[in-house]
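Student: I'd like to ask some things about the structure below.
The values are calculated or read from the model by the stated rules, or taken from the named source; none is laboratory data. These numbers come from a predicted model, not from an experiment. We place every Cβ from the backbone using ideal geometry, glycine too, and count neighbours over all the protein chains shown. With ligands, DNA and RNA removed, areas are computed over all heavy atoms of the protein, side chains included. Shrake-Rupley method; radii C 1.70, N 1.55, O 1.52, S 1.80 Å.
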Amino acid sequence: MNILILGSGGRESAFAWKLSQSPKCQNLFIAPGNGGTGQYGTNLNVGVNDFEGIKQAVLANNINLVLVGPEEPLVRGVHDFFLADAELKNIPVIGPQKQGAQLEGSKDFSKQFMARHNIPAAKSETFTRETLQEGLAYLPTIGLPIVLKADGLAAGKGVLICLTLQEAELELIDMLTNAKFGAASSKVVVEQFLQGIELSVFVLTDGNNYKILPSAKDYKRIGEGDTGLNTGGMGSVSPVPFANEEFLNKVEQRIIIPTIEGLKQENIPYKGFIFIGLMNCNGDPYMIEYNCRMGDPETESVMPRIETDLVDLLLGVAEGNLNETELVLSNKVAATVVMVAGGYPGEYLKNKAITGIENVRESHVFHAGTGLHNIDEVITTGGRVLAITSLQDNLFDALQQATADASRIYYDGMYFRKDIGFDLL
Ligand code: AMP
Ligand code: GLY
């Protein structure tokens, strides 16, 4: 069959790498892809939110299945677009329709969903411009720090952790009355701060059955020791050592089952990945957020640990018989080090020649913000440039190998964290 992946990051490179190994995948396409995805399939020059362009690409290339990488096209309704189109409606899309994508697209929706289904989460209330005074009165009742979240998609920047009441008051006013995050902050969720260690658990569902994929932990800050500005993610490891069987059982019973059952009860169709962002608070899992897709750079650590043919899993989702597929996981440990552009996450350098990729033999080099110049020269085009993933018998070896292999690659301004995962050893 012919498969189209939508997206252009390290996550999509890891999907492409995995799908290209399947004997069932004849032709693989990636739209728009990046400077590395051409190793696994054919890049198509179509943007992820260009639904008409996607339609033309699907018809022209006889695509039989579409896997959506990022959240934006899902929240904008790419799956609904397929279902409403006579020529596309029978082509399965992996990724929820608009309604299900609200689990990520609206923090207010997702918090209310958690509350309706008794899913453990931080205490919170939602406020708008009209209820600003109530919001200000609510702030001192939940303790410090105070978490403020723009309701809508804000490119990962919509969450503020305020250390003082005064800061929270100023920020709440700024978000609601000055549209600090544009329309995304026309509603703000004010939330209690959860103390603990974060991790992510990934679920694949056909809307009825589910498979729990490997858990992972990502490292969000730019600086070593998890300091400095937030980024899209500087590295990841899978599995997460503290997510043992007992903890994951709690996640399944308290979060995953109520989520799948809740979606069913509310007649929200959902075919795709559910990213469960969790805080481990003294051994008990609490929801931080849902995402309607896989994580990046978590996917780069998760895919190498899946031994099952990913096409079989995706077909199980499409056909509603995911329960009939077997998910086999590797016992090995994966570590991913993300190499970023100089200046990232602020304004960053671009169009720098990348050298040394061919010297990496023991790790996967998943391209993210890369492009091709003069057909075959790889250059940097984005903030997160490459994800280097190593799969080894233990965490220490995986971390060492990924870090050593990142050092074999060079471009002007190159930076990566050398402490990814070392807190877990
Ligand atoms: P989100 O966009 O919901 O993933 O939030 C971004 C980050 O803010 C999360 O990955 C957490 O590190 C942090 N965060 C969000 N909500 C909370 C909370 N209630 N308590 C502590 N940290 C939080
Ligand atoms: N790594 C976090 C995310 O994909 O949202």
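Student: When only residues in region 198-213 that are in contact with a Phe, Trp or Tyr (Cβ under 7 Å, 6 or more places away or on another chain) and in a loop (DSSP other than H, G, I, E, B) count, which is farthest from Asn282 (Cα to Cα)?
Tutor: Looking at residues that are in contact with a Phe, Trp or Tyr (Cβ under 7 Å, 6 or more places away or on another chain) and in a loop (DSSP other than H, G, I, E, B), I get Gly207.
Student: Filter region 383-396 down to the residues that are without any contact (Cβ under 8 Å) to a residue 60 or more places away in the chain and under 24 Å from Gly343 (Cβ atoms) and list them by number.
Tutor: Val385, Ile388
Student: In addition: Answer with yes or no whether Ala183 is closer than 29 Å to Glu71 by Cα, open to solvent by 70 Å² or more (accessible area, probe 1.4 Å) and part of a helix (DSSP H, G or I).
Tutor: So Ala183 fits the description; yes.
Student: Let me ask something else about it. So which residues in region 150-166 are closer than 24 Å to Met279 by Cα, open to solvent by 10 Å² or more (accessible area, probe 1.4 Å) and not small (Gly, Ala, Ser)?
Tutor: Asp151, Leu153, Lys157, Val159, Leu160, Ile161, Leu163, Thr164, Leu165, listed by residue number.
Student: Counting just the residues of region 4-23 that are touching a strand residue (DSSP E or B) at 6+ places or on another chain (Cβ under 9 Å) and more than 20 Å from Ala57 (Cβ to Cβ), which one comes out farthest from ligand 1 (Cβ to nearest atom)?
Tutor: Ser22
Student: Which of the residues spanning region 52-74 are under 23 Å from the mean Cα position of the chain (by Cα) and open to solvent by 30 Å² or more (accessible area, probe 1.4 Å)?
Tutor: Selection gives Glu71, Glu72.
Student: Do any residues in region 278-302 that are assigned to a helix (DSSP H, G or I) have Cβ atoms under 7 Å from those of residues that are within 10 Å of ligand 1 (Cβ to nearest atom), where the two are at least six apart or on different chains, and which pairs are they?
Tutor: From residues that are assigned to a helix (DSSP H, G or I), the pairs are Glu298/Ser200; Glu298/Asp218.
Student: Hey, another quick one. Within region 264-286, which residues are within 14 Å of ligand 1 (Cβ to nearest atom), open to solvent by less than 50 Å² (accessible area, probe 1.4 Å) and of a type in the set (Phe, Trp, Tyr)?
Tutor: Across region 264-286, the qualifying residue is only Phe275.
Student: When Leu144 is evaluated against the numbered criteria (1) open to solvent by 40 Å² or more (accessible area, probe 1.4 Å); (2) assigned to a helix (DSSP H, G or I); (3) over 26 Å from Arg76 (Cα atoms), which criterion, by number, is the only one it fails?
Tutor: (2)
Student: Out of all the residues in region 228-241, which are open to solvent by 10 Å² or more (accessible area, probe 1.4 Å) and either within 27 Å of Leu160 (Cβ to Cβ) or hydroxyl-bearing (Ser, Thr, Tyr) (or both)?
Tutor: Listed by number, the residues that qualify are Gly228, Leu229, Asn230, Thr231, Gly232.
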